[in-house]
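Data first, discussion second: the structure below is written as structure tokens.
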Amino acid sequence: MKKTSLLVVSILALVLFGACVFFMRDLIFGDVKGTYPEVVDNYKEYSDQWISYEVVGCLGNYAESTESYSFIPTGHEYYYLIWMEDGSIMPMSVSKKADKEYLDALTDATYDYADGKTKTISIPPRTFIGTVKAQESKAEGYYKEGLRYLEISEKDGWKINYVLFDCTSTRVGTILLVSAVMLIPVLGFVSYFASAAKEKKKKLSPEQEFLPQ
């Protein structure tokens with residue numbers, strides 16, 4: 001019984017792990033497929049693939065939310081208006097504290113430059129790697145509010161991108177997430193078999209407990 005149970009659990013774990021790896025293979029093993037400007041017009045073709053972009057300017061934070069996976073809270077997500085090198089605007093999200101601190105500092109440096117206090121943006125550019133996807137309706141609403149507040153509109157000559165550059169995930173984080181998801185059903189099966197074995201032992205007589213099962 002114990003050997004059979006262990007074999008079943010092992011097989012299920014391998015199947016679940018293989019399924020997760022298959023469906024998330026591009027995020028686990030894939031290389032960067034292009035830059036944000038190269039893929040934004042056909043972003044659906046690059047779903048679940050790594051994209052990069054060198055951020056040179058930031059116009060501030062426009063939303064925050066609780067990040068989750070399958071209803072499990074995993075942290076906070078911060079949304080920013082990015083002032084692109086070609087003068088366009090794009091939405092970007094991060095979750096790491098270091099990324100947030102960088103973008104907050106870059107925001108101050110960008111406004112110092114825009115206000116003529118400095119001749120250049122004093123914070124060096126930084127390349128981010130993430131994925132591209134459509135914004136959720138609520139986040140996009142805040143994005144539009146932020147644009148209106150800053151008086152940025154396409155009729156004034158601005159090019160505005162609405163596809164989100166999502167930098168909340170990393171390759172290591174994706175692997176850990178796959179492992180965590182795999183452990184949930186495995187622990188469930190282990191608990192089930194442990195409970196079944198315990199119940200069977202309760203039904204045995206003292207003499208039967210010493211007999212081979």
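Computed values, structure above
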{"quantity": "Among residues of the stretch 92-121, those that are in contact with an Asp or Glu (Cβ under 7 Å, 6 or more places away or on another chain) and either part of a strand (DSSP E or B) or closer than 30 Å to GLY75 by Cα (or both), counted", "calculated": "2"}
{"quantity": "Close pairs from the stretch 40-63: first more than 14 Å from VAL163 (Cβ to Cβ), partner among the small types (Gly, Ala, Ser) and assigned to a loop (DSSP other than H, G, I, E, B), Cβ under 7 Å, at least 6 apart", "calculated": "TRP50/GLY30"}
{"quantity": "Sole exception among (1) under 25 Å from GLU38 (Cβ atoms); (2) at pLDDT 95 or above for THR168, by number", "calculated": "(2)"}
{"quantity": "Residue within the stretch 8-26 that is assigned to a helix (DSSP H, G or I), within 26 Å of PHE165 (Cβ to Cβ), within 17 Å of the chain's Cα centre (by Cα) and at pLDDT 85 or above present", "calculated": "no"}
{"quantity": "Residue tally, condition within 15 Å of LEU59 (Cα to Cα) and aliphatic (A, V, I, L, M), over the stretch 109-145", "calculated": "4"}
{"quantity": "GLU77 vs. criteria touching a residue at least 60 places away in the same chain (Cβ under 8 Å) and assigned to a helix (DSSP H, G or I)", "calculated": "no"}
{"quantity": "Count of residues meeting criterion [assigned to a helix (DSSP H, G or I), more than 19 Å from VAL55 (Cβ to Cβ) and hydrophobic (A, V, I, L, M, F, W, C)] in the stretch 122-152", "calculated": "0"}
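The values are calculated or read from the model by the stated rules, or taken from the named source; none is laboratory data. Because the structure is a prediction, the values reported are computed rather than measured. Quick reminder, even Gly has a Cβ in these numbers, built from the backbone with ideal geometry, and neighbours come from all protein chains shown.
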